[in-house]
Amino acid sequence: MNILLTGGSGYIGSHAALVLAQAGHAVVLYDNLCNSRADVAQRLAQISGHPVPLVQGDMRDTDLLARTLRQHHIAAVLHFAGLKAVGESVAEPLAYYDNNVGGTLSLLRAMQGVGVRTLVFSSSATVYGEPRYLPIDEAHPTSATNPYGRSKLHIEEMLADLVASDAAWRVACLRYFNPVGAHASGLIGENPRGVPHNLLPFVAQVAIGRRPSLDVFGQDYPTPDGTGVRDYIHVMDLAEGHLAALDFLAGHSGWHAFNLGTGQGHSVLEMVRAFEAASGRAVPCRIVGRRAGDVASCYASAEKARTMLDWQARRALDDMCASTWNWQQQNEKISS
Ligand code: NAD
Ligand code: WQD
């Protein structure tokens with residue numbers, strides 16, 4: 001099948017592109033490169049042995065999207081493109097609504113015009129807001145605590161409205177928990193600009209000596225060691241979840257939401273120890289105050305994806321840390 005990946009040269013999209021190409025699908029990347037590099041397409045071709053075309057364009061360019069869908073005979077779209085920094089979304093909400101909601105609206109118009117009605121959307125566990133119970137299943141109430149999260153909720157709702165208006169649509173909203181790790185080749189991975197906001201990229205930069213120490217945001221949470229607990233999932237497992245979602249949509253129309261997580265929570269200090277073991281490097285830590293907006297614990301019920309998608313995460317914490325370290329070492333020059 002010919003598949004368009006919006007945001008396909010980014011962190012998660014590039015790993016999904018690889019999994020799809022290796023499963024025999026023809027993939028096309030569509031990205032404006034605001035948070036990724038054009039050479040990702042060559043790297044994907046190098047690893048997979050298949051050509052990986054990249055169309056450089058913006059989500060809000062509906063005409064270019066429609067032309068791309070037609071030219072490449074696209075049958076389904078995986079929609080990763082978006083801005084994702086929570087703090088930035090609070091400072092610049094309009095940029096987030098414009099890019100994320102406006103970009104998705106533009107994509108849906110292009111798809112509708114061309115008659116492509118199968119979509120897998122990159123949603124987030126952030127749509128659950130503050131957890132009311134754990135593990136979080138898909139029936140958990142949704143809410144938003146910042147404009148980024150609200151943009152994801154708006155998109156999910158927009159997709160549900162669209163599906164309700166036309167039964168030909170097939171839509172899966174995949175609610176990712178905390179994606180980490182990289183492909184074993186070390187050729188693709190997460191390349192954050194500036195100071196990383198997320199835990200593991202920061203830990204990796206401390207391990208390699210680029211930053212002196214990790215600030216641990218709070219050790220007074222009601223968790224076993226007092227630090228925050230999250231559901232870290234290997235990006236390759238996450239990528240495979242997209243293949244499973246596409247297979248599912250081949251047999252099901254309608255709107256569907258699935259958690260993609262492991263169902264296991266790990267604390268900040270557990271992650272640091274696992275990274276030290278995988279890298280053989282020390283990761284000095286400083287305990288500081290809590291970060292605004294953080295919750296104590298957040299982890300998924302992965303049951304719905306296991307039973308309906310026949311998918312579950314297989315890769316363990318040591319692989320998440322070792323692959324992050326491998327990527328960090330190989331890409332030190334690029335990312336510095
Ligand atoms: P990323 O920034 O690495 O990838 C996003 C890609 O989209 C980038 O390559 C960027 O250049 C592109 N892009 C952004 N705006 C665009 C636009 N207007 N037009 C064209 N391309 C555009 O991020 P990621 O971590 O790979 O995230 C992918 C998706 O998954 C995002 O929608 C994100 O919100 C979602 N998500 C990510 C996480 C996470 O922790 N990484 C968690 C949950 C959900
Ligand atoms: C994990 C844990 C921190 C950095 C965010 C977004 C969410 C989603 C994924 C897209 C927490 C602690 C972190 C540091 C630390 N993105 N930490 N020192 O907050 O679960 O989720 O990314 O949808 O929307 O909010 O992930 O990696 O930032 O933090 O102690 O320097 O690590 O307090 O307990 P989070 P994270």
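Between Met111, Leu249, Leu18, the Cα set farthest toward the positive side of the dipole of the chain (charges on each charged residue's Cβ, about the Cα centre) is that of Leu18.
Proximity of backbone amide H atoms, modeled 1.01 Å from N, is registered between Val55 and Leu29, Tyr30, Asp31 at under 5 Å, excluding neighbours fewer than 5 places apart on the same chain.
Taking square-rooted eigenvalues a ≥ b ≥ c of the alpha carbon gyration tensor, is region 85-176 rounded, prolate or oblate, where a/c under 1.5 means rounded and, failing that, a/b exceeding b/c means prolate? In terms of gyration-tensor shape, oblate.
Along region 130-143 the Karplus relation, 6.51 cos²θ - 1.76 cosθ + 1.60 evaluated at θ = phi - 60°, assigns HN-Hα couplings of 6, x, 9, 7, 10, x, 7, 9, 5, 7, 4, x, 9, 6 Hz to successive residues, with x for each Gly and Pro. Here the simple spin-label model places points 7 Å from the Cα toward Cβ, and for Asp220 and Arg314 these points are separated by 4.5 nm. Three semi-axes describe the equivalent ellipsoid of region 1-79; taken as square roots of 5 times the Cα gyration tensor eigenvalues and ordered largest first, they are 18, 15, 10 Å. Ligands, DNA and RNA aside, Glu92 has an accessible area near 90 Å² when probed at 1.4 Å.
The antiparallel fraction among DSSP beta bridges confined to the chain stands at about 5%. Here's the picture: charge each Lys and Arg Cβ at +1 and each Asp and Glu Cβ at -1 in the chain, and of Gln42, Val229, Gly261 the one pushed furthest to the positive end of that dipole is Gln42.
Taking all protein chains together and a 1.4 Å probe, the residues His197, His72 rank His197, His72 from largest to smallest accessible area. Using just its DSSP H runs of length 4 or more, each adding -39500 (n - 2.57), the chain gives a mean residue ellipticity at 222 nm of -11500 deg cm²/dmol after division by all residues.
Each Lys and Arg Cβ is given +1 and each Asp and Glu Cβ -1; about its Cα centre, region 114-212 then shows a dipole of about 420 debye.
Electrostatic tally near Tyr148: other residues with Cβ closer than 9 Å to its Cβ, Lys and Arg +1, Asp and Glu -1, net +2. Modelled spin-label separation between Gln330 and Asp61, with each label point placed 7 Å from Cα along the Cα-to-Cβ direction: 3.0 nm. Of Met308, Met158, the residue with the largest accessible area leads and the full order is Met308, Met158 (1.4 Å probe).
If you take all other residues with their beta carbon under 10 Å from the beta carbon of Ile208, and give Lys and Arg +1 and Asp and Glu -1, the sum is +2. The accessible area of Phe177, taken with all protein chains in place and a 1.4 Å probe, comes to roughly 10 Å².
Think of each Lys and Arg Cβ as +1 and each Asp and Glu Cβ as -1; about the Cα centre, that makes the dipole of region 218-333 roughly 280 debye.
The values are calculated or read from the model by the stated rules, or taken from the named source; none is laboratory data. Please read these numbers as outputs of a predicted model, since none were measured by experiment. Here the Cβ is made from the backbone with ideal geometry for all residues, glycine too, and neighbour counts use every protein chain on show. Calculation scope for accessible area: heavy atoms of the full protein, side chains included, ligands and nucleic acids excluded. Shrake-Rupley method; radii C 1.70, N 1.55, O 1.52, S 1.80 Å.
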